[in-house]
Each structure stands twice: as structure tokens, then as C-alpha cells.
Amino acid sequence: MREIEASLITEEVSKLCIKANLYLADDIKSRIEKAEKEEKSNLGKQVIGQLIENMKIADEDKIPICQDTGMAVFFVEVGQEVHVNGNLTEAINEGVRKGYTEGYLRKSVVKDPIIRENTRDNTPAIIHYNIVPGDKLKIMIAPKGFGSENMSRLFMLKPADGVEGIKNAVLTAVKEAGPNACPPFVIGVGIGGDFEYSAILAKKALTRNLDQRSDKDHIRELEEELLQSINSLGLGPAGLGGITTALAVNIETYPTHIAGLPVAINMCCHVDRHASVEL
Ligand code: SF4
């Protein structure tokens, strides 16, 4: 059994919070740069140019890419042969507390969804655990702003709705999101599982490299077709018109019940943040 100290986890999570909020992954940056070259609308081009300048300022001045530094969402893979000396969940939350405080990141979490008193340290995090073989601990953070989160949708389709139903669900979510979710979007789609698992799949889909298409032929085709359809809507960067409404559509699937076809669409803006560490 491999031992990992909780204090090491806290330290690494703290660094991840800052890293994810200051720097976008290279695949996202290069999609945005490519979109600037290809955008046909002058206004759209200017908006993307501003997004690129904003990323550069964040990088040089070490400030967040967006003022909404999100709720701290984690995907954690825990090797079966790892033993944490301490409480893993508390160690992650302590890392969020430290990272969001030392990094001067906005604290956006309220303790009670109705009373709405800010916890002042961005805890608690939302943590999705997965037990896997091996002796490693992989921690991924995906801070999620709520401008786009609020425009996400979940549809419990019937099997007879089929692929057309799925396309219609995704396009409905995009049209309803409009400029509110800060386009250009990255769109995470979860198909299958059950009510809650489809939503987790959709969120996980946002963390997949944008250059990596699904390894299933029919899903890869659906990703490409949906991206084309979405970019034909004309919404464009910041909703001001253009051909760059989405940078990518990432779909994850899971087996489901014979009577259902859950489809979750997790909308994300161009600030599709995620960073990970393996211990
Ligand atoms: S949707 Fe994205 S870009 Fe818009 S405010 Fe939220 S985090 Fe920032």
C-alpha cells in the first residue's frame, strides 16, 4: 500500500486552483487562435482578438482569465493501492481554501442555496471520486463559472427520440444559452447512464482535449455534425454574430436503461478551465 500525506494533497490542490484559473490548456488556446483567423464577421474577429489579449494579460500579470473563478469541481481517481494519511476530502477542501485565498481568486460559494451566505473561501468543492487499479492518485480540477453552468440542460428523452432527439436537445440548449453563456462555447454532452450520471459525463466531457475526438465512429460523426450545425446558427463570439459559436462539442456516452435516453448538455464558455496532477 502506497502512503500519501494529506498535506501534500492540500499543497498540490492549492497550486491547481491557481493554475487552472490563470492559464488555459494549449488545445483551447490554439482553437481560439484558429477561430480568430477563420471568423468571417469583423466584429466576431475583434471579439476573439480581445479574448486572446485577455488571455495574454492573465498570463503576464498572473490574474484570472475571468472574474468568475467558479465553483471548484474535481474528478479524482484513487488507486486501490493508495492510502491517504488523513482525510482526502478535507485535504482537497483545504487546498481550495488555500489556493483561492493565496491566488486572490473570487470566492463564489454560498453555504446554503436559500439563505445565501458566502463561505468566503470557495469551499466546499464538488468532488467526483472514481476508484481505479494502481497506486496513484490523480486529481483534476475543473473550476466552473455559472454564467454558462446556468444555461446547461438535461433531457430525459425516450429511446424512440433517437439521434434526431439528441441533436434537437443540444441545439435547443445552445439557442437558449445565446450570449448568456459567453460564446464561443465548449459544449460537453453526456448521453446515457441515468439522470445524474449523464450530467457528470457532460461535465467530464468538458475536460477532454479539444483535439481528441470520440473513439466511437458514430459519436465522432455526431460531434462533428453538431459542431457544424451550431456554428451555422450565426450566434458568433459574444453573441454578436459570426461563424464561431462553438469551439468544440465533446460527447461522452455510457450504457443506459432500455426505456430511456438521458442527454445532458453542460454549457461552457471559452474559459474551459481544467488542470491535473498525478501523485
Ligand atoms: S461564462 Fe465563462 S467567460 Fe462568462 S463570466 Fe462565466 S466564467 Fe467568465
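Values for this structure:
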{"quantity": "Asn21, sole failed condition from (1) within 16 Å of the ligand (Cβ to nearest atom); (2) closer than 20 Å to Ile126 by Cα; (3) open to solvent by 60 Å² or more (accessible area, probe 1.4 Å)", "calculated": "(3)"}
{"quantity": "Residue match in segment 208-218 (condition: open to solvent by 10 Å² or more (accessible area, probe 1.4 Å), assigned to a helix (DSSP H, G or I) and modelled with pLDDT of 95 or more)", "calculated": "yes"}
{"quantity": "Among the candidates Ala246, Ala238, Ala259, residue that is open to solvent by 40 Å² or more (accessible area, probe 1.4 Å) and within 14 Å of Pro179 (Cα to Cα)", "calculated": "Ala238"}
{"quantity": "Which listed residue, of Leu240, Leu279, Leu210, is among the aliphatic types (A, V, I, L, M), more than 21 Å from the chain's Cα centre (by Cα) and closer than 30 Å to Ile9 by Cβ", "calculated": "Leu279"}
{"quantity": "Long-range neighbours under 6 Å by Cβ, at least six apart or interchain, first residue free of Cβ contacts under 8 Å to residues at least 60 places away in the same chain and more than 13 Å from Pro184 (Cα to Cα) within segment 41-59, second among the aliphatic types (A, V, I, L, M) and assigned to a helix (DSSP H, G or I)", "calculated": "Ala58/Leu22"}
{"quantity": "Condition met for Gly165 (on the phi > 0 side of the Ramachandran plot and modelled with pLDDT of 95 or more)", "calculated": "no"}
{"quantity": "In segment 224-279, the residues that are in a strand (DSSP E or B), within 16 Å of the ligand (Cβ to nearest atom) and within 14 Å of Val174 (Cβ to Cβ)", "calculated": "Ala246, Leu247, Ala248, Ile265, Asn266, Met267, Cys268"}
{"quantity": "Yes/no for Glu60 being more than 16 Å from the ligand (Cβ to nearest atom) and either crowded, with 20+ Cβ neighbours inside 10 Å or not in a loop (DSSP other than H, G, I, E, B) (or both)", "calculated": "yes"}
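The values are calculated or read from the model by the stated rules, or taken from the named source; none is laboratory data. The structure presented is a predicted model; accordingly, all values stated were derived computationally and were not measured. Neighbour counts run over all protein chains shown; Cβ positions are idealised from the backbone, glycine included. All accessible areas refer to the heavy atoms of the entire protein, side chains included, with ligands and DNA or RNA removed. Shrake-Rupley method; radii C 1.70, N 1.55, O 1.52, S 1.80 Å.
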